[in-house]
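Working notes, structure below.
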Amino acid sequence: MLRRRPKRRRRIVTPMSRDRDFTSVGRALAAPARSAFLNLLMDGTRRPAGELARPAGVSASTASEHLAALVDVGLVTCETRGRRRYYYYALAGPRVATALEALGALADSVPVSGYRRSREMRHLAAAPLC
């Protein structure tokens, strides 16, 4: 006679629960490349790993590993397009964008490295806003 495994009780998390474990999200945000990916995805676009890798200064395979960590935590979603399985990554939703903006108010700005980047930042700072 086969024995059935007892059903595992799932922990019910209510939206107003005070006990939260921030370690998994903190671990996902700890790498500078992942921070760069999230900054690039804040505009609401869907981008492939290679396009995210270039500005972050990592290879495409390293970017895929970092993006997998962000997908596991739930900060980023991944979808496939086409027969060749191109993966496109985007933020998991407006709640994630709002949370990242709130964290961005507490975080330091990224130091400018290189003349081209500093020139772009200077032009953006002087640009008129609508």
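Derivation of every value follows stated rules applied to the coordinates shown; laboratory data play no part. None of these values were measured; they are calculated from a predicted model. Because the Cβ atoms are built from the backbone with ideal geometry, glycine has one as well, and the counts that use them run over all protein chains shown.
Observations
- Listing THR45, THR77 from fewest to most neighbouring C-beta atoms within 10 Å gives THR45, THR77.
- With neighbours defined as other Cβ atoms within 10 Å of a residue's Cβ, the residues PHE37, PHE22 order from fewest to most as PHE22, PHE37.
- Going from the residue with the fewest nearby Cβ atoms within 10 Å to the one with the most, ARG83, ARG46, ARG34, ARG54 rank ARG83, ARG54, ARG46, ARG34.
- Sites ALA99 and ALA68, calculated FRET efficiency, Cβ-Cβ separation with R0 22 Å, nearest 0.05: 0.65
- Once both labels are positioned 7 Å from their Cα atoms along Cα-to-Cβ, the gap between THR23 and GLU51 label points is 3.7 nm.
- Fraction of alpha-carbon pairs over 18 Å apart in the stretch 60-103 - percent: 34 percent
- Pair-distance profile P(r), taking every C-alpha pair of the stretch 23-107, with 10 angstrom steps and integer %: 18, 56, 23, 2, 0
- Modelled FRET efficiency - R0 22 Å, TYR86 with VAL110, Cβ distances, 0.05 increments: 0.20
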